[in-house]
1. If contacts are Cα pairs under 8 angstrom and at least 6 residues apart, what is the relative contact order of segment 91-177 in percent?
2. Return the whole-Å distance between the Cα centroid of segment 726-755 and the Cα centroid of segment 76-125.
3. Quick one: if you stick a label point 7 Å off each Cα along the C-beta vector at residue 62 and residue 141, how many nm between them?
4. On the Cα set of segment 230-364, report Rg and Dmax in Å, please.
5. Using only the alpha-carbon atoms, what does segment 388-503 span along each of its principal axes? Please give whole angstrom values in decreasing order.
6. If each residue's Cβ is checked for other Cβ atoms within 10 Å, how do 735, 227, 464 rank with the fewest at the top?
7. Projected area of segment 166-227, taken from the Cα convex hull and averaged over every viewing direction, in nm²?
8. In whole Å, how far is the Cα centre of segment 332-349 from that of segment 648-723?
Ligand code: C2E
Ligand code: MG
Ligand code: MG
């Protein structure tokens, strides 16, 4: 620091040797007066500055007596004038412990001669917590000896409070993120508030799911009898302070509980507990009230506004915690339940099943396990749409629940598959069938869907613990086998498990495994059935039809293995094989010099829905080198109707590749004629069932004629399949249907035979 000159030399005349003694004296006097005045001015100026600083500044002698204190020290220690403090020590002002620790630090500074800078210290004033940042430097005399201490301290309570708030927020958010249970988290929150607001006790009330009541979330410092009283308060404008805060979404307060009206039971009880004022703050998240934060103080009047930030933060954190806990509860519910019907799902069933068996065993009861499969769900879903299908499932689920009541469990385990687990009296075989017949009849009662009455039938298979299985897996397997038997014997019936049933399930498993291996061993072959154009008498295309050359069973037809392949998902591999093989064969024939013809390939619903299906088609075309215009994919109407928009998208992607699309078995599905217009298909295949009855069934003949004329109007090609007689062919030609396929012309034949036929018969390229 540079030394500032005491005097402004410009103002004082210089002392020169030319003056008389008197002059010199007068001169010296006036110089001293100027010095004195200057010093006094400087002192006032310094003192004013020191007194205006909000920080505490003081000087003490070696024994801790105040030599100097600024205004802030005077004021904040409750004195009026500095002179009241001069000569006093910290022992006159603070508790013994506090004064001792101050004295220790100051003695160290004095003896070491080293400054003690920027130390943060917690101090208490009244009941309030205060934080100071203290600095002490040694006070030295003219010889540089340490004769006391000069101290400076700054009130950093506000900064500390903000820091503390941030730390608290971070800590509580971490607990939220770690998934601490809501009640413990709210308790932490309440304890945090209470630690910061000395005379306050807090409670968090959480709104019930229906938004009609507040239940007690946490109130660790309020007595049990009070907690009992405030638990489950109505959310309304006249149900006490928290009910009102939750109802109105605005903070509510009772400044003096001495004035609480008799209707405010809770507040009157709070008063008896020595509490004098109460404030209830709504807890919100994303605009919604989720509960209240209630603060009870032992002092009447409004709460200290310095705590506003803390209270606001606490309410926000409580909102986050409640919201998070609700989301978790919802996720956990969804993970264990079916969203559509609200029934437990497979996961939940599996988790509960063991308990169910254990408690039934304890009670000496059996447990019946039923597999319920709806017979005609697909029909409703395909013809009336998904919304009606959903309604059907919901109604059926409710009916089953109603039959089972609270004694058992109904779970949805698949699209239209349900499992019922029901404890029953031990060995009560007759009541077993009776119970589930009742379920079956109840499901079959008419239901109103889209303004129409429907009867939904079901196939039910039942297995019973312990006679049909001791483990959950065994019981479900056997109930499933019984359900399959119910389907086999014509659906709409109930089957109780018997030991020969697993044979069927076992057979299916064996066949699936054989199919899988058969694919690797080239056991599958394609046969081809020519399609004729009657007008020109030429072959216009062939349909590829799969067969399985089984080592033991001989030639197996698709009806014997395609349904199982669909059920097990193996159809994706089989379909891919068919597609590649058909494209390869078509290209080979072209390369052998046969005129190009269209190869029709059947696509099953499951295959069509495969994510990679479109790229599989593109790959098959690329691998074989077949021009896409010579590939036609046959899809069924019901496949399209399962998810019309999705199917249309898919069909567009396929036509985008340049391949043709045909609707197979047309007339047996439920596509509305208006929708037909929006399908990007080029051909309809009239189903065999219409053709078969020509000329006996006039109705079918009329339908056939109508389909042909509809196709013509929509600019679609049309082909009839299953043509077995000349009469049928003639009738179709007369209706305007030129393309035909059926035993009348040729049965499906193997590649070699087909090649010979193509060489001998004229071909017609179909566009
Ligand atoms: P589809 O696509 O309707 O095939 C026509 C079926 O009718 C073939 O039976 C064919 O042999 C038979 N058929 C043809 N003309 C006549 C006739 O004049 N009279 C009679 N009574 N029947 C005739 P197939 O080959 O047994 O195929 C049955 C079904 O299996 C096919 O019906 C098709 O839905 C499915 N399918 C065949 N191959 C495949 C394939 O590679 N993939 C898929 N996903 N399904 C296939
Ligand atoms: Mg077909
Ligand atoms: Mg067909």
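Bear in mind these aren't lab numbers, they're just calculated from the coordinates by the rules spelled out. Small disclaimer: the values here were computed from a predicted structure and weren't measured. Don't worry about glycine lacking a Cβ; one is built from the backbone with ideal geometry, like all the others, and counts go over all protein chains shown.
1. Reported as a whole number, the value is 21 percent.
2. So the two Cα centres are separated by 113 Å.
3. Here the modelled spin labels are 0.8 nm apart.
4. Calculated on Cα positions, Rg and Dmax stand at 21.4, 66 Å.
5. Extents along the principal axes: 45, 31, 24 Å.
6. 227, 735, 464
7. 5.1 nm²
8. Using only Cα atoms, the two centres lie 41 Å from each other.
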